[in-house]
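A short worksheet on the structure shown next.
We did not get these values from a lab; they are worked out from the coordinates using the rules stated. Please read all numbers here as calculations on a predicted model, not as lab measurements. Note that each Cβ is placed from the backbone with ideal geometry, even for glycine, and that neighbours are counted across all protein chains shown.
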Amino acid sequence: MSLRNIGIVYRKELTEALRDRRTIITMVIVPLLIFPLFSVGFGAAIAALIGKAKEETPKVMIIGGEDSPAVVAGLKQVPKIQIVPLEQNWQDQVINKQVPVVVEIPKDFERNLADQKEQTVLIHDYEGDLKSETAKDKIEKYFNDYRDSIVKDRLTARNLPISVLKPFAIKPHNVAPPEKSGGALFFGGFIAYIVVFLCLNGGMHPAMDLTAGEKERGTMETILSSPVSRGHLVLGKFLLVFTTALVTAALSVISMAISFGIVNLLHTKPIQAGEADASLHIGIGAALSVFIMAVPLAVLFSSVLITISTFAKTYKEAQSYIMPILFLVLIPAIAAMLPGVELTPKLALVPVLNVSLLCKELIIGTYHWNYIAIIFGSTCVYAAAALFIAIKMFQRESVLFRS
Amino acid sequence: MIEARSLSKRFQDKKRGEIRAVDNVTFTCQPGKIYGLLGANGAGKTTTLRLLATILEPTDGTATICGYDVIENPEKVRANVGFLSTATALYPRLSAQELVEYFGRLNGLDEPTLKKRLDTIFERLDMNEFRDRRCDKLSTGMKQKTSIARTLIHDPAVMIFDEPTNGLDIMTARTITAFIRECRNNGKTVIFSTHIMSEVEKLCDTIGIIQSGKLLSEGTLEQLRDQHHEQDLEEIFVKVVAPHYVSQEAR
């Protein structure tokens, strides 16, 4: 009888939820759209912007250089830049992004070079502006190459090998697999954050609607007059909130797997990719592990959401109580994205942060089984405690009939 | 049958301290009779009826409904009670039929019985035209009919009505009072609360006058008239709940 009643309540809540536009939007539309938007859409848009900036022919002004015709002629030969006459207000033009860079060649540059005097070429740019940075790189490369050729000529003239100036080279060599290093690390943290956020977001509206919303609409008294016990009633409601949270998490995992699959197929690089050769993909194993870790988290979120919303008298009041919870959950989820925040035995016991850190590892294919056990176990304990509190809360007259 | 014995409910209020919403109330409602709980707003009517429907738990005393104790067997009590008030709203996203089915299932009805009872009630209340319409699209009258169907689906022996006609137009209110009479004629135990004297005069077999959580006077209309030497129920009511007011008026 008891399980039957929980099932009846759950079925009814599910029927209502599937007819509620807001539930459908947070449960289905958001997770299915947010990943394509972030990966395929946003990533492709950024890649296109960068590509466009590189393809463009930036205008460059030159200050000085009248006494150094060879250098100026060399600059004019640099592909995809356009030398334009210097204007008085060149600085304003850089600030207003009309001219990306202005090169300042010191007086008597070529003669000083021949005399081997020290001097500095200035490149006036707009730091942080994509077009300016691209133009600066081109100019810098030209002068670097020019300097190297002069050094080479001087060494040759003295019959000295290049190794005089460069006795040895230093080169970092990444031994970590590309899918577990660089941009992929950030990528893992980002995905974990999105899963945690959407899991909470998915359960938020139904939790408020099924408790505070029912009080507000007057259906709470109707259902309390039926023979179903309050424990079974809240369990039926909890199961619905849990379903929406989990479906949201599952759809977001599926959506991210598909989205990044498409990204790789299209060979467009999302901004998260630090390395050119780091392919962003999520295997079935990683997606499944993230989903399994999301289960106790969804129980925890659903129970906390129900407990808080039950206390509220109206939907709006519930919203104002849940807002701080949203931040409380998102801060550890964001912290997990930060470089250097790694799993430790202590952090493995911090709710939300532990799952976020673990998901970050799982997505890049690292399985620390001892941590998985601790985190899954501790989250289950937190979830069970939260569910117990939710049931107790729902049985208190002072909460249900708070005036 | 309803038997309330020293039924009491106290609340703690931060500003006002302890509030005795229901204070040592004892009364009996018989099958086939209508018991009217008459009282002003805030007299304790709703709390008394919520205690009987086990929506609230008594602080002291108890009540039995069809032999089941409200504290020991609240679920059995609710299975024998149909509770209707203007505060008991309907689920907006369910159709009238789905809503009644939901309550039928929660009352333990099997599917064939549920279907049979549902068809009978919908036919009797002339609800077939809107049975598949969502509750948020129903008119006030249709909503009241759906609420009545909800309270009847498990054929309870006891009906509790908490100010059922409050805020309703005359035609909808008449549907409700006709339904209350029908419940009595079908042998159900009926208790209903109101502050409308005419409803009590028309419907009730026994009247209980409640004020500040206390049951101050009880009896049939005739008995109350004899006790208080007044013919008009309104005069009797004022005499019972505010004797000072009456003596001031006399002067």
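Against chain A, whose longest principal axis is taken from its Cα atoms, helix A:2-18 shows a tilt of about 50°. Neighbour counts of other Cβ atoms within 10 Å put B:HIS154, A:HIS173 in the fewest-to-most order A:HIS173, B:HIS154.
For chain B, state the average projected area of the convex hull of the C-alpha atoms over all orientations, rounded to one decimal in nm². Spell out each step's value before the answer.
Values: hull surface 59.9 nm².
Its average projected convex-hull area is 15.0 nm².
DSSP loop GluC sites (Glu not before Pro) in segment B:53-157 with at most 11 other Cβ atoms within 10 Å of their Cβ, which ones? Display every interim value, and only then the final one.
Numbers: sites: B:GLU72, B:GLU75, B:GLU98, B:GLU101, B:GLU123, B:GLU129; in loops: B:GLU72.
Listed in order of number, the matching sites are B:GLU72.
For segment B:87-155, the equivalent ellipsoid derived from the Cα gyration tensor has semi-axes of 18, 13, 10 Å, listed largest first.
Could you state the angle between the C-alpha long axis of helix A:369-394 and the longest principal axis of the C-alpha atoms of chain A, as a value from 0 to 90 degrees rounded to the nearest 10? On a 0 to 90 degree scale, this one is about 40.
Mean projected area of the convex hull spanned by the Cα atoms of chain A, taken over all viewing directions: 27.8 nm².
Choose one of A:VAL341, A:THR310, B:TYR35: the residue whose Cα lies farthest towards the positive end of the charge dipole of the protein assembly as shown (beta-carbon charges +1 Lys, Arg; -1 Asp, Glu; about the Cα centre). So the residue furthest toward the plus end is A:VAL341. Remark on B:LYS188: its backbone amide H falls under 5 Å from those of B:GLY32, a criterion applied only to residues 5 or more positions apart or on other chains, H modelled at 1.01 Å from N.
Projecting label points 7 angstrom from Cα along Cα→Cβ for A:LEU37 and A:ILE123 puts them 3.7 nm apart. Under the criterion of Cα pairs below 8 Å and six or more residues apart, the relative contact order for segment A:58-212 equals 18 percent.
Going by how many other beta carbons lie within 10 Å of each one, how would you line up A:LEU200, B:LEU221, A:LEU165, fewest first? Could you put the intermediate results ahead of the total?
Numbers: A:LEU200 27, B:LEU221 17, A:LEU165 12.
If I rank by nearby Cβ atoms, fewest first, I get A:LEU165, B:LEU221, A:LEU200.
For the options B:ILE148, B:ILE180, B:ILE55, a Gaussian network treatment of chain B with springs between C-alpha atoms closer than 10 Å singles out B:ILE55 as fluctuating the most.
Across peptide A:223-234, what mean number of C-beta atoms from other chains lies inside 10 Å of a residue's C-beta?
Per residue, the average neighbour count from other chains is 6.
Charged side chains reduced to their Cβ positions (Lys and Arg at +1, Asp and Glu at -1) give segment B:116-192 a dipole of some 120 debye around its Cα centre.
With N residues in segment A:55-164, what two-decimal value do you get for its Cα radius of gyration over 2.2 N^0.38 Å?
Values: Rg = 15.2 Å, N = 110, 2.2 N^0.38 = 13.1 Å.
Computed over Cα atoms of segment A:55-164, the ratio equals 1.16.
I need the GluC sites (Glu not before Pro) found in segment A:306-394, filtered to DSSP loop residues with at most 14 other beta carbons within 10 Å of theirs. Counting only loop positions with at most 14 other Cβ atoms within 10 Å, the GluC sites (Glu not before Pro) in segment A:306-394 are A:GLU342. Applying 1/(1 + (r/R0)^6) with R0 = 51 Å to the Cβ-Cβ distance of B:ALA87 and A:LYS52 gives a FRET efficiency near 0.20. Which of A:THR366, A:THR120, A:THR244 moves the most in a Gaussian network model of chain A with Cα springs under 10 Å? The residue that fluctuates most here is A:THR120. Scanning residues 5 or more positions from B:GLY82 or on other chains, those with amide H under 5 Å from its amide H are B:VAL158, B:MET159, B:ILE160, with H placed 1.01 Å from N in the peptide plane.
For chain B, a simple Cβ point-charge model (Lys and Arg +1, Asp and Glu -1, everything else neutral) yields a dipole of about 600 debye relative to the Cα centre.
I'd like the trypsin sites (Lys or Arg not before Pro) in segment B:1-106 restricted to DSSP loop residues with at most 12 other Cβ atoms within 10 Å, sorted by number.
Values: sites: B:ARG5, B:LYS9, B:ARG10, B:LYS14, B:LYS15, B:ARG16, B:ARG20, B:LYS33, B:LYS45, B:ARG50, B:LYS76, B:ARG78, B:ARG93, B:ARG105; in loops: B:LYS14, B:LYS15, B:ARG16, B:LYS33, B:ARG93.
Of the trypsin sites (Lys or Arg not before Pro), the ones in loops of segment B:1-106 whose Cβ has at most 12 other Cβ atoms within 10 Å are B:LYS14, B:LYS15, B:ARG16.
Charge dipole (Cα centre; +1 on Lys/Arg Cβ, -1 on Asp/Glu Cβ; no other charges) of segment A:281-403 amounts to roughly 340 debye.
Proximity of backbone amide H atoms, modeled 1.01 Å from N, is registered between B:ALA63 and B:ARG5, B:VAL70, B:ILE71 at under 5 Å, excluding neighbours fewer than 5 places apart on the same chain.
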